[in-house]
Amino acid sequence: MANQYSMLTFDAATVLKAAGLIAASTDGAILDLGEGLFDGFLVLDVSAIEVASGDEIYTVSVEGSSVAAMTSLGVCLAKKVLGNLVVPMDNPTGIGRFVVPFRNEENGVLKRYIRLSTLVAGTVATGINFSAFLAKR
């Protein structure tokens, strides 16, 4: 049975990452959200995650900027940490859907341009396989 709490409407125009493996840190393509406020969710569908070494950490962040090239005025609007951490926390180490709330506004300033940034750390052989899209509230 599908998780009733993570059933969200998919819109191909808000895809931040197609399904695929990431084994090294990377920044995704820039998405223009337009002039208005976006209040919604980052939806991560994780189909594989390597955690065999016990020190793999995958931090997936939504970065926003009011500059189209994202060369300045950038901020982290939301993030999800997956994998293993040294500190005792319950970070997801399995597959599934992870829904992260966010909005493209910080301190009264709209961040029209966003991208997905994935930081990969630890002893990584294969990495993490996921797709990501945005869904409105």
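The values are calculated or read from the model by the stated rules, or taken from the named source; none is laboratory data. What you see is a predicted model; the values in this text were computed from it and never measured. With ideal geometry, Cβ positions are generated from the backbone for all residues, glycine too; neighbour counts draw on all protein chains shown. To get the accessible areas, we keep the full protein, side chains included, count just its heavy atoms, and leave off ligands, DNA and RNA. Shrake-Rupley method; radii C 1.70, N 1.55, O 1.52, S 1.80 Å.
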Report in % the part of the accessible area of the chain that belongs to carbon and sulfur, leaving out ligands and nucleic acids; probe 1.4 Å.
55 percent
Can you work out the Karplus-derived ³J(HN,Hα) for every residue in the stretch 37-43? Use 6.51 cos²θ - 1.76 cosθ + 1.60 with θ = phi - 60°, whole Hz, and x for glycine or proline.
6, 10, 10, x, 9, 8, 10
Matching label, P(r) over Cα pairs in 10 Å bins from 0, in percent computed from the structure shown, candidates (1) 12, 44, 35, 9, 0; (2) 10, 26, 19, 9, 10, 9, 7, 6, 3, 0; (3) 12, 43, 33, 12, 0:
(3)
Which aspartates and glutamates have a Cα lying under 13 Å from the Cα of LYS17, excluding residues fewer than 8 positions away in the same chain?
ASP27, ASP45
Where nothing but the Cβ of Lys and Arg (+1) and of Asp and Glu (-1) is charged, how large is the charge dipole of the chain around its Cα centre, in debye to the nearest 20?
220 debye
Taking 25-33, 66-74 and ranking on average Cβ neighbours within 10 Å, highest first, one gets 25-33, 66-74
What nm value, rounded to one decimal, do you get for the distance between GLU106 and LYS79 when each label is placed 7 Å out toward the C-beta?
1.0 nm
Within the stretch 1-72, DSSP-loop chymotrypsin sites (Phe, Trp or Tyr not before Pro) with at most 16 other C-beta atoms within 10 Å are PHE10
Looking at the P(r) of the stretch 5-53, how many percent of alpha-carbon pairs lie beyond 14 Å?
66 percent
